[in-house]
Every structure is written in C-alpha cells, then in structure tokens.
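Asks: Below you will find the structure I want to go over with you.
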Amino acid sequence: MNILKSVTYITLSVSLLFGASQQENKQLQNIVKTGQKSSMLLLKTLGSNMKRNMKTGGPMQALDFCTQKAYTLTEEVNKKLPKGVTVKRISTKYRNPANQPQGSEQEVLVSLEKLQSLHVKLPKQLVQKVDEHTYKYYKPLVINKQVCLKCHGNITNKKLKDAIAKRYPQDKAQHYKMGDLRGAVVVTIKK
C-alpha cells in the first residue's frame, strides 16, 4: 500500500470534520466518543486482569489468563456496549487467530506500521467509514511497558516459550521492542 493511501486513512476524520456539515461533524464526534469509551472499557478490563495475573503468578499465569479468559472477557465487554457496537483486538502479528485482522483492517494496520517505520508519530485514533451505516474506530496499541516484552519480546524463559508454542503453534506475536506497534483495538459502530 502506498504512503498516500496510508495518509488518507489517518486524515479521514480530519477531512470529514473540515468538509462536513454540522450534522456530520456531530455524528463523527459521537463515533469517536463511542470508540474511545468502548476501547477504554476493553483495555481496562483486560489490563487490570493481566496485571493481577502477572503480579501473582508471573508470565506463566498471565499466559494462562490470555489463553483461558481474554476472549471471554472481550465477549463480556461487548455485552455491556450499546446495541450495534462491538470491540475487539487485532494485530498483523497475532498470537490467537481470533485476533487476525479482517478485510480492510489488515490494510489499516499495515499503513500504521509503514508510518511508524517512517518515524511518523502515530495518531491516537483513526475513524474509517465502512459504508453508509458503519464506521470503525481504531485505537493503535504500542508496546509501552517493559513487562509486555516478557511474553511478546525475545523470550528467554524456556518453559514460557514452550508453553506459548504448545498453545499457539502459529504464534507471530514475539520479537517486539519498546515502542513497536502491537496492533489495534477496533470498535465497529453500526448506526
């Protein structure tokens, strides 16, 4: 994907704001607000559980949590969201195939990766208009805590490495460094 198309995704919300009617601006503001609230609910839910498991049992217990509970907690968060709103995590380097990007989500992530490789500061959020009634809000996720690298960096703990390989034979979510783009939270909003 060329850089022009990448920039187009990122500037979508800005161009909508400047070239849109007051009603369209309000709709976009509502989409952003819904996206922010929904993504934060998911991140707080998963993050607090991950932190607790890492603190009490280290990386092996955190892996158990991810394997057994992360997807279920995501579904529980979705049940709390307004009708027509769903949230999920995606990554081009996913560990769980359930987090594989679908359709244009892959293109958005690749665009963000390309921008990061060019040392462009990533936006806090993106909004994509999918069709007349559907929008996707993207919150880029960046590795910003050293503890994330215990399971997603260059893993030196053999027991942990073997456990990940056994549970996720096609794991792609390793060898990250601080500041790397890990993926995104995607909130789909159907009006």
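All of the numbers you see were taken from the coordinates with simple rules; none came from a lab. What you see is a predicted model, and the numbers here were worked out from it, not measured in a lab. No Cβ is skipped: glycine too gets one built from the backbone with ideal geometry, and neighbour counts run over all protein chains shown.
Asks: Return the distance in nm (one decimal) between the two label points of a simple spin-label model at LYS129 and LYS37, each offset 7 Å from Cα along Cα→Cβ.
Replies: Using points 7 Å along Cα→Cβ, the separation is 2.3 nm.
Asks: Using only the Cα atoms of the range 49-143, build the gyration tensor, take square roots of its eigenvalues as a ≥ b ≥ c, and label the shape rounded, prolate or oblate: rounded if a/c is under 1.5, else prolate if a/b is larger than b/c, else oblate.
Replies: Judged from the Cα gyration tensor, the range 49-143 comes out oblate (a/c at least 1.5, b/c at or above a/b).
Asks: May I ask for the angle, rounded to the nearest 10°, between helix 3-19 and the longest principal axis of the chain, with both axes built from Cα atoms and the value confined to 0 to 90°?
Replies: Between helix and principal axis, roughly 50 degrees.
Asks: Something else about it: Describe numerically, in nm with one decimal, the distance between label points set 7 Å from Cα along Cα→Cβ at LYS177 and at LYS83.
Replies: For LYS177 paired with LYS83, the spin-label model returns 5.0 nm.
Asks: Please report HIS119, HIS133 as a ranked list, fewest other C-beta atoms within 10 angstrom at the top and most at the bottom.
Replies: With the fewest neighbours first, HIS119, HIS133 line up as HIS119, HIS133.
Asks: Return one number: the angle in degrees, 0 to 90 and rounded to the nearest 10, between the long axis of the Cα atoms of helix 22-68 and the longest principal axis of the Cα atoms of the chain.
Replies: The two axes meet at around 0 degrees.
Asks: Pick out, from TYR168, THR45, GLY57, the residue whose Cα sits farthest towards the positive end of the charge dipole of the range 3-190, with +1 on the Cβ of Lys and Arg and -1 on the Cβ of Asp and Glu.
Replies: So the residue furthest toward the plus end is GLY57.
Asks: Another question, if that's okay. Counting Lys +1, Arg +1, Asp -1, Glu -1, what net charge surrounds GLN100 among other residues with beta carbon under 13 Å of its beta carbon?
Replies: Overall, the nearby charge balance is +3.
Asks: Now a separate question. Which entry is the computed Cα extents along the principal axes in Å for this structure: (i) 51, 36, 28; (ii) 57, 38, 25; (iii) 74, 36, 27?
Replies: Here Cα extents along the principal axes in Å agrees with entry (ii).
Asks: Sticking with this structure for a sec: Are any of the pairs LYS114/LYS136; LYS150/LYS190; LYS69/LYS191; LYS55/LYS158 more than 25 Å apart by Cα-Cα distance, and if so, which?
Replies: Pairs exceeding the cut-off: LYS150/LYS190; LYS69/LYS191.
Asks: Nearest 10 degrees, 0 to 90: what angle lies between the long axis of helix 70-80 and the longest principal axis of the chain (Cα atoms)?
Replies: 30 degrees
Asks: Also, quick follow-up: Checking the cross-link filter: which aspartates and glutamates have an alpha carbon closer than 18 Å to that of LYS124, excluding same-chain neighbours under 8 positions apart?
Replies: Partners within reach: GLU105, GLU107, GLU113, ASP180.
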